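This report concerns only the one structure given below.
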Amino acid sequence: MKISKTERQRLLKETIEATPFITDEKLADKFNVSIQTIRLDRMELSIPELRERIKSVAAYQWNETVKALPLDEVIGEIIDLDLDRRAISILEIKKEHVFSRNKIARGHHLFAQANSLAVAVINDELALTAKSEIKFTRQVKAGERVVAKAFVEDVDVKGMTIVRVDSFVDNENVFTGLFHMYRSNDPKGDIGNEDSN
């Protein structure tokens, strides 16, 4: 059933407010219109494209929060961050990320997204990767969107913070990494303590 332009734009605005990181492609599917129509609707409503929405939220929420590295050095766009607990980033796989002959993403880009997220989640001005255990579970291709989710799991016997990162394309796991992170301060007592600030 076709809805009016006014109603579509009203619903479009509500949808983006509720899920600010939804893509134009998903919006086009949702409203059964072309991607160009969605882009025109966004322009009329003064709603920026996805990349700009992500940047503006990240700049507002995390610029003063990420300690271990500048926000622009994180590979991918951070969309959620709770220091020493969890973080999420998104990486759009473009032609510069893939092998030209088969359009499959080079593994070091997925690793870099996960590793930089593991650094960013650490609540310390110095966080370095001491060791990592990684596994690629399926190929990622040009045009796909990789969502990396980092969780601070524990502190190991050497006092290093263990960060697990799982990366997904459309809820399918494509990469898993366990990162042992050196930090300059002592995290014991903070990890997993729901009452700590």
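Laboratory data are not the source of any read-out in this text; all were calculated from the coordinates shown. Bear in mind that the values here come from a model prediction, so they are computed numbers and not experimental data. With ideal geometry, Cβ positions are generated from the backbone for all residues, glycine too; neighbour counts draw on all protein chains shown.
A few comments on the model shown:
- Annotation note: GluC sites (Glu not before Pro) in the stretch 92-145 located in DSSP loop regions with a Cβ neighbour count of at most 13 within 10 Å are E125.
- Sequence-distant residues sharing a close amide H with R85 (under 5 Å, placed H): V152
- Total charge dipole magnitude, the stretch 59-183, about the Cα centre, Cβ charges on Lys, Arg, Asp, Glu only, Debye to nearest 20: 640 debye
- Over all pairs of different C-alpha atoms in the stretch 5-47, the reciprocal of the mean inverse distance, the Kirkwood hydrodynamic radius, equals 10.0 Å.
- For the residue pairs K30/K103; K2/K30; K30/K95, alpha carbon separations beyond 19 Å are given by K30/K103; K30/K95.
- Taken about its Cα centre, the stretch 5-47 carries a charge dipole of roughly 80 debye when the Cβ of each Lys and Arg holds +1 and the Cβ of each Asp and Glu holds -1.
- Sequence-distant residues sharing a close amide H with K131 (under 5 Å, placed H): H180
- By the beta-carbon count within 10 Å of each Cβ, the least crowded to most crowded order of M160, M181, fewest first, is M160, M181.
- Binned Cα-Cα distances of the stretch 59-183, short to long, each 5 Å bin given as a whole percent: 2, 12, 23, 24, 18, 13, 6, 2, 0
- Rounded to the nearest whole Hz, the Karplus-based 3J(HN,Hα) values (6.51 cos²θ - 1.76 cosθ + 1.60, θ = phi - 60°) of the stretch 31-41 follow the sequence 9, 6, 9, 6, 4, 4, 4, 4, 4, 5, 4, with x at glycine and proline.
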